[in-house]
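Structure first, then comments.
The values are calculated or read from the model by the stated rules, or taken from the named source; none is laboratory data. Owing to the predicted nature of the structure, the values given are computational and were not obtained by experimental measurement. Here the Cβ positions follow ideal geometry from the backbone for every residue, glycine too, while neighbour counts run over all protein chains shown. Remember, those area values only see protein heavy atoms, side chains included, never the ligands or the DNA or RNA. Shrake-Rupley method; radii C 1.70, N 1.55, O 1.52, S 1.80 Å.
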Amino acid sequence: MFSLVFPGQGSQTIGMGKNFFENYDLVKNLFKEADESLGISLSKIILEGPKDKLDLTINTQPAIFLISYSIFQVMKKEFNVDLYNAKYFAGHSLGEYSALCAANYLSFSDTIKLLKIRGGAMQNAVPKGEGGMLAVLGSKVEVIEDLLSENKNNFTAQIANDNSEGQIVLSGRNSDLEKLIYVLKSKNVKNMKLPVSAPFHCNLMNNATEIMRNEIQKLNFKDSKNKLISNVTAKEILNKEELKTLLIDQIENRVRWRESIIHMINNGINHFIEIGPGKVLTGLIKRIDKSVKINTINSESDIKDLNL
C-alpha cells in the first residue's frame with residue numbers, strides 16, 4: 001500500500017516545474033489560473049525569480065503548492081497513474097494544503113488563494129528580526145521537551161517540527177533562542193539557526209491563526225473519500241469540519257511528521273511517493289524507517305520509473 005506526501009516550505013528553487021510547464025498544456029493552464037487567482041505573476045517568479053522574491057513566504061507557499069499540484073495532475077491525466085489508490089494523503093505544513101486539494105477537499109483556486117493569505121499572515125505575524133527557528137540534530141523529542149520544561153523560567157521556545165529521528169525544529173523569539181543555544185552547547189547538542197523570516201508553528205503566530213480562522217470558515221470544503229493525515233494529530237482526519245479545525249490549529253502547533261509517518265507505516269504503508277519540488281521528505285522518511293520504498297517525483301523520468 002502506498003501514501004502520497006507533499007513537501008513544505010524550503011523545497012523551492014527557481015525554475016522548478018519548468019519542464020512540466022513547457023511540455024504540458026494542463027500545467028500552462030494551472031499557472032495561468034494561479035496568476036489570475038492571485039493577481040500577480042507567480043509563474044514569472046517561479047520560472048525566472050529573483051530568488052529573494054520566491055523565498056518570501058507569501059510567494060513560496062502558493063508556488064510550492066502550484067508545482068506539487070501540477071505534477072500530481074500530470075501523473076494522473078497524462079500518465080494515467082491511479083493516484084486515488086493511495087491509502088493516505090499527507091503533507092508537511094503547507095504541504096498539507098497540497099494534499100487536501102489533491103484529495104478533492106478544496107478547489108485549486110480556493111487553495112492557492114488561501115495559501116497566499118496564509119503565507120502573508122505567517123510572514124507578518126511577528127516583526128521582522130524578532131522571531132526565528134532553530135534546528136536541533138541528533139536528539140530525541142522527549143529530551144528537548146524536558147530541557148524546555150527545566151528552563152521555562154529562563155526562556156520560552158516551542159517544538160515547531162518533529163521531523164524525523166534526530167531532527168527537531170524549535171521556534172521562538174530570537175532573544176530566547178540565543179539562551180536556548182547556550183544551554184544546548186553546554187550539553188553538546190548540535191544545533192543551527194535556520195534562514196527563515198518568522199517563528200512558524202508556535203504561539204507567536206496567534207495573529208496568523210485569527211486571520212486563517214476567518215478565511216477557512218468562509219470556504220466551501222467538500223466531502224471526499226480520500227484519507228488525509230493531520231500534522232496536528234498525526235492521525236486520520238475524519239471529516240471536513242475536523243479538517244477546518246485542524247488547519248486552524250496547525251498554525252501554532254507542532255508538525256508531527258515523524259509520528260505521522262510511523263502511524264502510516266503501522267497501518268500498512270510500505271511505499272511513500274513524494275510529489276513536488278525537492279527531496280526533503282524523502283530524506284526524512286529514510287531516517288524514520290529505512291525499510292520502506294520511497295519515490296520522489298519531480299520530473300517526467302521520475303514518473304516513468306514509478307512502479308506501483
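Length gained on full extension, residue 142 to residue 25, computed as 0.36 nm times the residue gap minus the Cα-Cα distance: 37.2 nm.
Quick one: pull the percent of accessible area on the chain belonging to carbon and sulfur, 1.4 Å probe, ligands and nucleic acids left out.
Details: 6150 of 13310 Å².
In the chain, the share of accessible area belonging to carbon and sulfur is 46 percent.
Here the Karplus relation 6.51 cos²θ - 1.76 cosθ + 1.60, evaluated at θ = phi - 60°, turns the backbone of region 58-63 into coupling constants of 5, 9, 4, 5, x, 5 Hz, with x for every Gly and Pro.
Which of the pairs 28/227; 51/77; 76/227; 152/185 have their Cα atoms more than 20 Å apart in this structure?
Violating the 20 Å limit, Cα to Cα: 28/227; 51/77.
Please report, in debye to the nearest 20, how large the charge dipole of region 175-217 is about its Cα centre when each Lys and Arg carries +1 at its beta carbon and each Asp and Glu carries -1 there. Show your work: numbers first, answer last.
Values: 6 positive and 4 negative charges, 79 e Å.
The dipole of region 175-217 has a size of about 380 debye.
Scanning residues 5 or more positions from residue 228 or on other chains, those with amide H under 5 Å from its amide H are 89, 237, with H placed 1.01 Å from N in the peptide plane.
Can you bin region 38-154 into rounded, prolate or oblate? Criterion: square roots of the alpha carbon gyration tensor eigenvalues sorted a ≥ b ≥ c, rounded for a/c under 1.5, prolate for a/b above b/c, oblate for the rest.
Here region 38-154 falls in the oblate category.
For the chain, with only Lys/Arg (+1) and Asp/Glu (-1) charged at the beta-carbon, what is the dipole magnitude about the Cα centre, in debye rounded to 20?
Working: 38 positive and 35 negative charges, 64 e Å.
Here the size comes out at about 300 debye.
Candidates 308, 296, 269 compared by Cα position along the dipole of region 266-308: farthest toward the positive end lies 269, with charges placed on Cβ.
Of the peptides 263-270, 115-122, the order by per-residue mean of other Cβ atoms within 10 Å, starting with the highest, comes out as 115-122, 263-270. Mean-square fluctuations from a GNM of the chain, with a 10 angstrom spring cutoff on Cα atoms, peak among 24, 88, 69 at 24.
Beta bridges from DSSP with both residues in the chain: antiparallel share about 55 percent, rounded to the nearest 5.
Comparing Cα centroids, region 257-308 and region 163-178 end up 25 angstrom apart. Within the straight-line cut-off of under 14 Å between alpha carbons, the aspartates and glutamates reachable from residue 304 are 78, 82, sequence neighbours fewer than 8 places apart in one chain being disregarded. Across region 90-106, coupling constants 3J(HN,Hα) worked out from phi with the 6.51/-1.76/1.60 Karplus curve, θ = phi - 60°, read 8, x, 8, 6, 4, x, 5, 6, 4, 5, 6, 6, 4, 8, 6, 8, 8 Hz, and Gly and Pro carry x. The aspartates and glutamates whose alpha-carbon is closer than 19 Å to the alpha-carbon of residue 128, local same-chain residues fewer than 8 away aside, are 52, 55, 176, 178, 252.
For an R0 of 41 angstrom, estimate the FRET efficiency from the Cβ-Cβ distance between residue 84 and residue 130 and round to the nearest 0.05. Walk me through the numbers before you get to the answer.
On the way: r = 44 Å, r/R0 = 1.06.
E(calc), rounded to 0.05, equals 0.40.
Run the numbers for residue 236 and residue 104: contour at 0.36 nm per residue of separation, minus the present Cα-Cα distance, in nm. Mind dumping the intermediate values first?
Numbers: separation 132, 0.36 × 132 = 47.52 nm, distance 1.55 nm.
Full extension from residue 236 to residue 104 adds 46.0 nm.
For region 26-35, putting each phi into the Karplus relation 6.51 cos²θ - 1.76 cosθ + 1.60 with θ = phi - 60° gives couplings of 4, 6, 4, 5, 5, 4, 5, 5, 4, 4 Hz, in residue order, rounded to whole numbers and with x for Gly and Pro.
Applying both filters, DSSP loop and at most 10 other Cβ atoms within 10 Å, to the trypsin sites (Lys or Arg not before Pro) of region 211-285 gives 225.
Extent of region 1-96 along its three principal axes (Cα atoms, max minus min coordinate, largest first): 40, 29, 21 Å.
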